[in-house]
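One structure below.
The values are calculated or read from the model by the stated rules, or taken from the named source; none is laboratory data. What you see is a predicted model, and the numbers here were worked out from it, not measured in a lab. As a convention, Cβ positions derive from the backbone with ideal geometry for all residues, glycine included, and neighbour counts pool all protein chains shown.
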Amino acid sequence: MLLATALPRSAATASGASPDRGAAAFLLALLLIAASACAAPLWTGLPWTLALSAIGVIGAAMLVAALAIALQRAGLGEAAFAAFCVALLAAGVLAALIGFVQVYAPEWADGQWIAASTVGNRAVGNLRQPNHQSSLLLWAMIAAVWLGGSARLPRAALPVLLLALLAGVVLTASRTGMVGAALLALWGVVDRRLARGVRLQLVLVPLVYFFWYELFAAIAHQEGALFAGEAQMHKADPSSSRFGIWANTLTLIAEHPWVGVGFGEFNFAWSLHVFPGRPVAFFDHTHNLPLQLAVELGLPLAALVLALLLYALWRALRLAAEGDAVDVAARRAALAMVVMIALHSLLEYPLWYAYFLLPAAFAFGIALGGPAAPRVEAARPRPNFWLIAALVLLLGGLASLMDYRRVAVIFSPAGDTPLAQRIAEGRRSWFFGHHADYAAATVAAHPSDEMAALARATHYLLDTRIMMAWAKALAERGEIDKARHLAARLREFHNPLSAEFFAACDKPAGEDEPKPFQCEAPQRLYDDADFR
């Protein structure tokens, strides 16, 4: 956000020409999503802590995109994009090194400076997820290509960096990363404004990917192990449960076509729906951006948001042909980053993470800024709105960090403060109070004493612990049939943590002794609306 200081405070501003229609469409799409988040607590029961968190991040994305558009139109886009690419490249190189440590020197991953991999011998970086690591590295490769093409990198450095970063992508064993590597080759084929040597390096990316894959597989075989990439390619379910969650999502869309289940409510609606053959992981997103918008916002609003985003993308493609060669190169690289993360968004939900959403918004803003507008001297000094907005956002980020510390101590206590006191302090959090509610509900001897906490925490993520606590609370309140419905849904997940909860069903009961509620089927069919 400190890039806001690059915009002149009083003079050298862009002329009065209006921003491109694509930029307006993009900002309007974000505004509609933020409005949906704002409305959700009023009719779905989404806690305000979750709504405010989403509104804050989306608002930050709008500011970042508007700032990038303004920088580009003021003729400062190239300088801003250069700083952005240097930062991305540095982050990518560090992430690649961390990935090598996680795979080949895991004892160095102490969990403090270097995260330990939680998915076997796959590189996850400090983002702790292979697909996220691969997208960061692919972004870093795009940044390196542009920095090399604009002579900001020594000519010999570009192929070395691309080789190292691509090796890091292969170590993630991410199939999304594999497709992203092919997308880089496509960029090299279609963008004839790139230097011939750069285009050749991009076109060769799939071949180099195959080389690294075979090399790492040979090293693993030499050690009597299986390379993670081979394990991924031979999975029984090539979609990693995505086909199942997409099928369930289509069912929910068919049942709630007009207004959806509500912003942020997919997990709540999906977990409480009868899906006997559901994927057994606790999904909180559909792993597909269009489906996520459709199921949560409803088909009409989702169609409008997607149409605005597609129009913005089409305008960015059109604008990529306008302007001088240097300016166009930056905007084409920025557009490549947007397309790369859009591809990832068809298989996961990276844009729900601020560390992907904000850079993507900045890159899209650069791409939508178009050629720099003529600059005129301002008639009189004016306040630097961008600097003020950036400082407000920066202060808001610091405040949210301090706010998060209120709930972090609940799960990682730093002193001898009693748990009840830590929970009470955490409930005062503006953005993260639902975590305190989760703790209160799951440790209570009688969960029915924490119905208000359950009403909030269940909208964040319905997992085994919270579902068991909620079912017990309903049973204690005499709502036995609803408790049975919750238990039946929990049974569909086949989670080992619920084994003790259902163990009572295997014990013989006396003639006059009723069965525990979790051992019997509900007498009627419920949906998520019955539990709001």
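Which residues, taken from the stretch 147-183, are in contact with a helix residue (DSSP H, G or I) (Cβ under 8 Å, 6 or more places away or on another chain) and not in a helix (DSSP H, G or I)? Correct list: Ser150, Arg152, Leu153, Arg155, Ala173, Ser174. Per the listing Ala195, Ala173, the residue uniquely of a type in the set (Gly, Ala, Ser), crowded, with 19+ Cβ neighbours inside 10 Å and modelled with pLDDT under 95 is Ala173. The set of residues from the stretch 132-157 being aromatic (Phe, Trp, Tyr) and under 20 Å from the mean Cα position of the chain (by Cα) comprises just one member, Trp139. Within the stretch 490-532, the set of residues being under 31 Å from the mean Cα position of the chain (by Cα), farther than 21 Å from Val280 by Cα and assigned to a helix (DSSP H, G or I) comprises Ala529, Asp530, Phe531. State whether the residues of the stretch 357-367 include one that is buried (at least 18 other Cβ atoms within 10 Å of the Cβ), modelled with pLDDT of 90 or more, aromatic (Phe, Trp, Tyr) and part of a helix (DSSP H, G or I). Yes, the stretch 357-367 contains a residue that is buried (at least 18 other Cβ atoms within 10 Å of the Cβ), modelled with pLDDT of 90 or more, aromatic (Phe, Trp, Tyr) and part of a helix (DSSP H, G or I). Per this entry, Ala231 is counted among residues that are on the phi < 0 side of the Ramachandran plot, touching a Gly at 6+ places or on another chain (Cβ under 9 Å), touching a residue at least 12 places away in the same chain (Cβ under 8 Å) and part of a helix (DSSP H, G or I).
How many residues, within the stretch 398-424, are among the charged types (D, E, K, R) and surrounded by fewer than 16 Cβ atoms within 10 Å (Cβ to Cβ)? Give the derivation first.
Start the filter on the stretch 398-424 by keeping residues that are among the charged types (D, E, K, R), which leaves 403, 405-406, 416, 422.
From what's left, surrounded by fewer than 16 Cβ atoms within 10 Å (Cβ to Cβ): 405, 416.
Residues in the stretch 398-424 being among the charged types (D, E, K, R) and surrounded by fewer than 16 Cβ atoms within 10 Å (Cβ to Cβ): 2 in total.
The number of residues in the stretch 312-323 being assigned to a helix (DSSP H, G or I) and either of a type in the set (Val, Ile, Thr) or surrounded by fewer than 17 Cβ atoms within 10 Å (Cβ to Cβ) (or both) comes to 3.
Apart from one condition, Ile69 fits all of (1) touching a residue at least 24 places away in the same chain (Cβ under 8 Å); (2) among the aliphatic types (A, V, I, L, M); (3) closer than 27 Å to Thr176 by Cβ; (4) assigned to a helix (DSSP H, G or I); the exception is (3).
Of the residues making up the stretch 211-234, those that are polar (S, T, N, Q) and closer than 13 Å to Leu171 by Cβ number 1. Restricting the stretch 85-114 to residues that are among the aromatic types (Phe, Trp, Tyr) and at pLDDT 90 or above, the residue that is surrounded by the fewest Cβ atoms within 10 Å (Cβ to Cβ) is Tyr104.
Give the residues of the stretch 252-285 that are part of a helix (DSSP H, G or I) and aliphatic (A, V, I, L, M), sorted by residue number.
Filtering the stretch 252-285 down to residues part of a helix (DSSP H, G or I) leaves 252-255, 266-272.
Leu252, Ile253, Ala254, Ala269, Leu272, listed by residue number.
Within the stretch 115-131, the set of residues being modelled with pLDDT of 90 or more, in contact with a helix residue (DSSP H, G or I) (Cβ under 7 Å, 6 or more places away or on another chain), surrounded by fewer than 24 Cβ atoms within 10 Å (Cβ to Cβ) and not charged (D, E, K, R) comprises Asn126, Leu127, Asn131. Condition (residue is among the aromatic types (Phe, Trp, Tyr), surrounded by 15 or more Cβ atoms within 10 Å (Cβ to Cβ) and at pLDDT 90 or above) applied to the stretch 132-142: is it met by at least one residue? Checking the stretch 132-142: at least one residue is among the aromatic types (Phe, Trp, Tyr), surrounded by 15 or more Cβ atoms within 10 Å (Cβ to Cβ) and at pLDDT 90 or above.
Checked against the criteria, His494 counts as in contact (Cβ under 8 Å) with a residue 24 or more places away in the chain, surrounded by fewer than 12 Cβ atoms within 10 Å (Cβ to Cβ) and under 19 Å from Gly277 (Cβ atoms). The conditions of being surrounded by fewer than 24 Cβ atoms within 10 Å (Cβ to Cβ) and modelled with pLDDT of 95 or more are not met by Leu153. Taking (1) modelled with pLDDT of 80 or more; (2) within 22 Å of Arg331 (Cα to Cα) in turn, Pro374 satisfies each apart from (1).
Return yes when Ile388 is at negative phi, among the β-branched types (Val, Ile, Thr) and at pLDDT below 90 and no when it is not. Against the criterion (at negative phi, among the β-branched types (Val, Ile, Thr) and at pLDDT below 90), Ile388 qualifies.
Tell me, please, whether a residue that is within 29 Å of Ala336 (Cβ to Cβ), modelled with pLDDT under 95, surrounded by fewer than 21 Cβ atoms within 10 Å (Cβ to Cβ) and not basic (Lys, Arg) can be found in the stretch 268-280. Within the stretch 268-280, none of the residues are within 29 Å of Ala336 (Cβ to Cβ), modelled with pLDDT under 95, surrounded by fewer than 21 Cβ atoms within 10 Å (Cβ to Cβ) and not basic (Lys, Arg). Since His459 meets every condition but one in (1) surrounded by fewer than 21 Cβ atoms within 10 Å (Cβ to Cβ); (2) within 30 Å of the chain's Cα centre (by Cα); (3) not in a helix (DSSP H, G or I), which condition does it not meet? Condition not satisfied by His459: (1). Identify the residue in the stretch 184-223 that is assigned to a helix (DSSP H, G or I) and among the small types (Gly, Ala, Ser) and, among all such residues, is nearest to Ser135 (Cα to Cα). Residue satisfying both the conditions and the ranking: Ala185.
Could you check, for the stretch 334-355, whether at least one of its residues is in a helix (DSSP H, G or I), of a type outside the set (A, V, I, L, M) and over 19 Å from Pro130 (Cβ atoms)?
Kept after step one, since they are in a helix (DSSP H, G or I), are these residues of the stretch 334-355: 334-345, 350-352, 354-355.
Those left that are additionally of a type outside the set (A, V, I, L, M): 344-345, 350, 352, 355.
Checking which are over 19 Å from Pro130 (Cβ atoms) leaves us with none.
Within the stretch 334-355, not a single residue is in a helix (DSSP H, G or I), of a type outside the set (A, V, I, L, M) and over 19 Å from Pro130 (Cβ atoms).
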